[in-house]
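Okay, so here's the structure we're looking at.
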Amino acid sequence: MAPQGTGDVIWMRPRPAATGRPAQRSREEITAVAVAIADREGLAAVSMRRVAAGLGTGAASLYRYVDTREDLLDLMIDSTGSEYVFAAPTGDWLSDLLDIGEQARTIMRRHPWLPSLLITRSVLGPNGLVLLEHALEALAPHPAGNAAKLEAFAMLNAATALFVQNELNGGSAREQRNAAYLHHALASGGHPRLTELLAPAPQQASTPEAAPEPAERYRGILARILSGLLATEPPSGVPLPRALS
């Protein structure tokens, strides 16, 4: 097993050379099997032994290509970045970032194990670099500083992962339960600010609007987050962050 130092990642290590005969496996093949297992059975089912069985080999042979399960998780995360389809920037930076976000949401829903990993592990591999480069190209006309643009990219990924994780974990049903309790609590009269906030406008009292679909909510929420992070003028009384100055 190759020694790992501080900051060592699998893409910084040389691929195994053939010794005596051509290599029988590749990182890409191993990663594809691991992703397929996670898609079918969840992340907990992914182990070196299980992946090796899917390849028809022994677990010990995988360590020639992947040192640890942590390496395998990094490869799995980065492999999903190959599923993006990039179009040329339109000049509308917000629309372009929202399009990236919508693709991210689709990919995360395709791989239900992915959102939790993205929230808990910060991984930047070859496919992630391509995605970041595309996002920065879309943001090129924006006057914000580099640090702010990187923060916006990070928040795009994090917010999307949280949104999808909520969707996959029964978000709508939970929201309905919370709403039922909220209305029950407001009936006591002990929460005047909440009561005022949630009171329907006069024009809505007789014809309430339908709740927006998750995709519509996602795009709107993400647009507000990105617009706020990349604002070049802060609200009155709020100092401009150094990254934007």
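Summary table
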item	result
The stretch 53-62, subset of a type in the set (A, V, I, L, M) and open to solvent by 50 Å² or more (accessible area, probe 1.4 Å), residue farthest from Pro16 (Cα to Cα)	Ala53
Evaluation of Pro89 against (1) within 11 Å of the chain's Cα centre (by Cα); (2) open to solvent by 40 Å² or more (accessible area, probe 1.4 Å) (one fails), failing number	(1)
Of residues in the stretch 92-117 being free of Cβ contacts under 8 Å to residues at least 24 places away in the same chain and among the charged types (D, E, K, R), the one surrounded by the fewest Cβ atoms within 10 Å (Cβ to Cβ)	Asp92
Some residue of the stretch 118-133 being open to solvent by less than 60 Å² (accessible area, probe 1.4 Å) and more than 22 Å from Glu28 (Cβ to Cβ)	no
Elements of type helices (runs of 4 or more DSSP H) in the stretch 27-134, at least 1 residues being over 27 Å from Leu162 (Cβ atoms)	27-41, 48-55, 59-62
Residue count, the stretch 24-77 (criterion: in contact (Cβ under 8 Å) with a residue 60 or more places away in the chain and touching a Gly at 6+ places or on another chain (Cβ under 7 Å))	1
Criterion (modelled with pLDDT of 75 or more and of a type in the set (A, V, I, L, M)) met by exactly one of Leu197, Leu136, Leu240	Leu136
Number of the condition not met by Pro143 [criteria: (1) within 20 Å of Leu229 (Cα to Cα); (2) open to solvent by 30 Å² or more (accessible area, probe 1.4 Å); (3) outside any loop (DSSP other than H, G, I, E, B)]	(3)
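Yes or no, residue by residue, for (1) modelled with pLDDT of 95 or more; (2) open to solvent by 20 Å² or more (accessible area, probe 1.4 Å); (3) out of contact with any Asp or Glu (no Cβ under 9 Å at 6 or more places or on another chain):
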{"position": "Gly5", "(1), (2), (3)": "no, yes, yes"}
{"position": "Arg13", "(1), (2), (3)": "no, yes, no"}
{"position": "Thr19", "(1), (2), (3)": "no, yes, yes"}
{"position": "Val33", "(1), (2), (3)": "yes, yes, yes"}
{"position": "Ile37", "(1), (2), (3)": "yes, no, yes"}
{"position": "Glu41", "(1), (2), (3)": "yes, yes, yes"}
{"position": "Val51", "(1), (2), (3)": "yes, no, yes"}
{"position": "Arg64", "(1), (2), (3)": "no, yes, yes"}
{"position": "Thr80", "(1), (2), (3)": "yes, no, yes"}
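Per-residue answers, yes or no, for (1) under 23 Å from Pro126 (Cβ atoms); (2) in contact with a His (Cβ under 8 Å, 6 or more places away or on another chain):
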residue: Ala38; (1), (2): yes, yes
residue: Leu43; (1), (2): yes, no
residue: Ala60; (1), (2): no, no
residue: Thr68; (1), (2): yes, no
residue: Met76; (1), (2): yes, no
residue: Gly91; (1), (2): no, no
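The values are calculated or read from the model by the stated rules, or taken from the named source; none is laboratory data. Treat the numbers as computed from the prediction; the structure is a model and nothing was measured. Every residue, glycine among them, receives a Cβ derived from its backbone with ideal geometry; neighbour counts consider all protein chains shown. Heads up: the accessible areas ignore ligands, DNA and RNA and are worked out on the full protein's heavy atoms, side chains in. Shrake-Rupley method; radii C 1.70, N 1.55, O 1.52, S 1.80 Å.
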